[in-house]
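The values are calculated or read from the model by the stated rules, or taken from the named source; none is laboratory data. The structure displayed is predicted, hence computed values, not measured ones. In this analysis, Cβ positions are derived from the backbone assuming ideal geometry, glycine residues included, and neighbour counts consider all displayed protein chains. The area values use the complete protein model at the heavy-atom level, side chains included, leaving out ligands, DNA and RNA. Shrake-Rupley method; radii C 1.70, N 1.55, O 1.52, S 1.80 Å.
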Amino acid sequence: MNLRLAALALTPAGVFACASPVTPAPLPSPAPDTTRVVAQVPAPPDTMRSYAVPAFSSTPLITWGPMPPGTPHAERARVYDLRHQIVHVRFDWARHAVVGSTTIRLAALDKPLTTIPLDAVGMTIQKVSAPNGARLRYDYDGRTLTVKLPGTLRPRSTTSFVVDYESVKPKKGAYFIDRRHVVWTQGETEDNRYWVPTWDYPNDKTTWEFYIQTDTGEKALSNGALRGQRRVGNQVEWHWVLDQPNSTYLMTAVTGDYVVLQDKWRATPVGYWTYPDSVEATWRGMGKTPRMIELFSNRTGVAYPWVKYDQVNAPDYIFGGMENVTATTQADDDILHPAWAEPQANAEGLVSHELGHQWYGDYLTTRDWSHIWLNEGFATFMEQTWTEFGMSRDDGDVDRLGAQRETMEADRRARRPIVYDRWVTDPLELFFSGHIYPKGATILQMLRHQLGDSAFWQAMNRYTVQHAKGNVVSDDLRQAFEQVSGRDLKSFFDKWVYGAGFPVFQVSYTWDPATRGLTLDAREVQQRDSLTGFFDPDVDVEILTDAGAVQGVVQVRGGTAHATFPLPAEPRSIRWDKGNWLLDLADFPRPTVMLEYQLAHDDDVVGRLEAVDLLAARTDEPIAQRALVAATHDRSHYVRSVAVRALARQGSVQSVADAIIAATRDGDARVRQAAARALGSLRGSAASTRARELATSDSSLYVRGAALGSLPAIEGAASLDVIRAALAQDSWRDMLRRQAVGALGDVDSPEVFPLLTRYLGDSTQRDTRVTAIAVLVRRANAAGRQAEVAAAVTPLLDVEDDLFVRDAAARALGELKQPSSVAALEARRRVEAESRVVNTIDAALAALRAP
Ligand SMILES: [Zn+2]
């Protein structure tokens, strides 16, 4: 599963947040090498401190957040073994009803059974019958269907029965999207029980088949192989068979007016299900799938394990994608984009993530939700594998860096181990804290670096083969890795998987010109407790000198390290954790001239990005500012973008303003986007003219949108003409209008409130609506107009067909702090089925009730 990228796009886009394109950016002219000048010219007195080593930070680099709330949920105990399930289903558009009949074959485990409980929420059960038609008795309480067997089922013997049922307007599980006449379903975590009675928990694997009826002219997609289609009255019935066992949350049905673009990997059919009007964009979004399958098959040593691979575009989907075995569902607006939207728009991260799940998640499946990183951390790792080998080394490095940063932010909010079984309302809460996707992938990258690529992938192969078609827990992974590597990995798993946190270092160096020895001292200073101890890693270091680079390893033991490296010449820069393989924070004070050297000379993009970050805090030093200006010509667009962003915080020095304006002409639209945003830090006619040009005529709407966002800061209310023009324009994913709505948040004019209120209604695109709500709240809190905005937002709590709008409305009411909102929030809480919205409502109510 993957979160919607559209939702992420609402936050200011960081270069680290998203995958980047495979097309290399046009290279700018190389950076002028200013280092030699620094070395030869004696420093003027006002820059003496650029040569001094600063002190350690006076505050801790991170404070662990409290453990996430919730009660423990042990693995659900199995009571029978599901052997095969046949589902006949029809989607009744007139009533938005799922009309179904399912035949269930199961076996008793080691205890005799007289009743069979099935998960089945909010259904009408018409009858339960034996295969011979005899009626069976049952109880049904709206959540569990308890079938009473005619006799006692002896241990390990099998039985079967048929359930005829209906689910009218299911609250979850099956979604009717009228505007495209598409039905899609979503099982993970425990939602398939809203449209199919079944054992809805990952720890039992079964085969299944679907008979799905559609209107003529439409198609139905499900798992496994298409065995046939036939006319049934005025409908068509599609018969799909999954003959390899899987967990039932991976059941899927999608129906609609789809065309199927046929591709293949070796002899395996690969299909792209899309709308007739979106063929070209679908090839753009999905067309690299066979190359990804090839890469993953080669790396894991396990050839793609299923009979076919289909991906389907789903409208108004509630996640980015879902890895339903052999039949992945993906949000159409995350896949389909016009050519101009690249490189920012890019579906490769999503496509490779869901494909990675076909091995990790589907072929091997977590046994219970507390080990969900074995699905999601692995899929994220496979996504990173594509980024590194299918795109570029820089992209891979930045992808890993982004995952590390998300992981550290996660511990800042709420520290927890990767393996964790506490949640409040839904196991989905475990997924998106940052400890599963990015931290899971980061831990695998650390193992990869420690064992080396060859042993690592051999171990991955062992794990994959050993547990093929089975359920797994984290210790299965440890054992497979120990068998292959011959190492004891208990301590690694105890610290990184079952423990929490990560190391925080204070690092210092001394250079002895007499012996030409560089000594590094390091100390782990993270808060320690029962969950977090010393990590004692081996850390790669690199020292650059004018006579070449020196690499080494610093071994931290008992929380400290002391290591000396002989150098051929004095150190010009020092990298702690060269290559950035370790999940850590390091407070490593170095003189500004060292950072300048690192920015100009480090061959690894992460080292140059680190230098930009540190220099950005020292721009009152001319050397730092000069280095950042030079970095706007770095060969990597990542460095150019981050340098521009750092310069934007520097006030109005002419050389800085010139560099920002020059960067708005960069050949890479990502850098132009960062520069367009940085324009907002400048004042005067040059910035204003350039922002207007970009906002109205750049070839990328990402750049135009960013420039729109900058205009109010430069021009104030005078920018309203450009913003109004953008509000009137339809564009792909409503990008211009959404950015214009965002820009209104910074304009001081009586027109702003009525303009924003216009975009709350259901004629507005989802993301624009969500942006309008957020901007209105911010303005209302600043202007003391909370009551009025709360009244406008409250009805949005009941927008049944869009959980993102309900979620934004609930969040808004919490932030507006009107006591009168409590009743509306409580009323919605009673009927809300989406756990994400329930949790937002709970947070809003807590905020309203706080003193
Ligand atoms: Zn996933």
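Does Gly716 meet the test of being within 20 Å of Ala341 (Cα to Cα), open to solvent by less than 60 Å² (accessible area, probe 1.4 Å) and without any contact (Cβ under 8 Å) to a residue 40 or more places away in the chain? Outline the logic, then answer.
Values: within 20 Å of Ala341 (Cα to Cα): no; open to solvent by less than 60 Å² (accessible area, probe 1.4 Å): yes; without any contact (Cβ under 8 Å) to a residue 40 or more places away in the chain: yes.
It is false that Gly716 is within 20 Å of Ala341 (Cα to Cα), open to solvent by less than 60 Å² (accessible area, probe 1.4 Å) and without any contact (Cβ under 8 Å) to a residue 40 or more places away in the chain.
Output yes when any residue across the range 745-762 is under 26 Å from Ala341 (Cβ atoms), more than 27 Å from the chain's Cα centre (by Cα), touching a residue at least 24 places away in the same chain (Cβ under 8 Å) and part of a helix (DSSP H, G or I), and no when none is.
no
Among the residues that make up the range 43-60, is at least one of them away from the ligand (no atom under 16 Å from the Cβ), modelled with pLDDT under 55 and in a loop (DSSP other than H, G, I, E, B)?
Yes, the conditions are met somewhere in the range 43-60.
Given (1) open to solvent by 30 Å² or more (accessible area, probe 1.4 Å); (2) under 15 Å from Arg83 (Cα atoms); (3) touching a Leu at 6+ places or on another chain (Cβ under 6 Å), identify the lone condition not met by Thr114.
(2)
What are the residues in the range 573-589 that are open to solvent by 10 Å² or more (accessible area, probe 1.4 Å) and of a type in the set (S, T, N, Q), if any?
The answer is Asn580, and nothing else.
Name every residue in the range 607-637 that is surrounded by fewer than 21 Cβ atoms within 10 Å (Cβ to Cβ) and closer than 19 Å to Trp581 by Cα, in order of residue number.
Asp613
Would you check if Asn203 is under 20 Å from Val182 (Cα atoms) and part of a loop (DSSP other than H, G, I, E, B)?
No.
Listed here are the residues, each with its yes/no results for (1) open to solvent by 10 Å² or more (accessible area, probe 1.4 Å); (2) not assigned by TED's automatic domain parsing to the domain that holds Tyr201.
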site	(1), (2)
Lys308	yes, no
Gln311	no, no
Gly320	no, no
Asn324	no, no
Thr328	no, no
Leu374	no, yes
Ser392	yes, yes
Asp399	yes, yes
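Quick one: which residue in Glu570, Glu610 is within 23 Å of Pro513 (Cβ to Cβ) and without any contact (Cβ under 8 Å) to a residue 60 or more places away in the chain?
Values: Glu610 fails: within 23 Å of Pro513 (Cβ to Cβ).
Criteria check complete, one pass: Glu570.
Which of the residues that make up the range 765-785 are within 18 Å of Ile841 (Cα to Cα) and surrounded by fewer than 21 Cβ atoms within 10 Å (Cβ to Cβ)? Working first, answer last.
To start, the set of residues in the range 765-785 that are within 18 Å of Ile841 (Cα to Cα) comprises 770, 773-774, 777.
Matches in the range 765-785: Ala774 only.
Within the range 819-834, which residues are in a helix (DSSP H, G or I) and of a type in the set (D, E, K, R)?
Passing the criteria: Glu826, Arg828, Arg829, Arg830.
I need the full set of residues from the range 412-432 which are surrounded by fewer than 24 Cβ atoms within 10 Å (Cβ to Cβ) and part of a helix (DSSP H, G or I), in order please.
Within the range 412-432, Arg412, Arg413, Ala414, Pro427, Leu428, Glu429, Phe431, Phe432 qualify.
Just to be sure, is Gly440 within 15 Å of the ligand (Cβ to nearest atom), open to solvent by less than 20 Å² (accessible area, probe 1.4 Å) and not assigned by TED's automatic domain parsing to the domain that holds Arg299?
The answer is yes for Gly440.
Return only the number of the condition from (1) exposed (fewer than 14 other Cβ atoms within 10 Å of the Cβ); (2) more than 40 Å from the chain's Cα centre (by Cα); (3) within 25 Å of Ser222 (Cα to Cα); (4) not charged (D, E, K, R) that Ser157 does not satisfy.
That leaves (3) as the condition not met.
Any residue in the range 541-561 that is under 29 Å from the mean Cα position of the chain (by Cα) and within 18 Å of Tyr509 (Cα to Cα)?
Looking through the range 541-561, none of the residues is under 29 Å from the mean Cα position of the chain (by Cα) and within 18 Å of Tyr509 (Cα to Cα).
Evaluate the range 485-507: report whether one residue or more is outside the structural domain of Val553 (by TED's automatic domain parsing), more than 23 Å from Ala561 (Cβ to Cβ) and β-branched (Val, Ile, Thr).
Taking every residue of the range 485-507 in turn, at least one turns out to be outside the structural domain of Val553 (by TED's automatic domain parsing), more than 23 Å from Ala561 (Cβ to Cβ) and β-branched (Val, Ile, Thr).
Taking the condition of being open to solvent by 30 Å² or more (accessible area, probe 1.4 Å) and either hydroxyl-bearing (Ser, Thr, Tyr) or without any contact (Cβ under 8 Å) to a residue 60 or more places away in the chain (or both), how many residues in the range 401-411 meet it?
First pass over the range 401-411, keeping only residues open to solvent by 30 Å² or more (accessible area, probe 1.4 Å): 405-406, 409.
So of that shortlist, the ones also either hydroxyl-bearing (Ser, Thr, Tyr) or without any contact (Cβ under 8 Å) to a residue 60 or more places away in the chain (or both) come out as 406, 409.
Number satisfying all stated conditions: 2.
Pick from Thr757, Thr771, Thr764, Thr794: which is touching a Gly at 6+ places or on another chain (Cβ under 9 Å), at pLDDT 95 or above and of a type outside the set (Lys, Arg)?
Sole residue among the options that is touching a Gly at 6+ places or on another chain (Cβ under 9 Å), at pLDDT 95 or above and of a type outside the set (Lys, Arg): Thr771.
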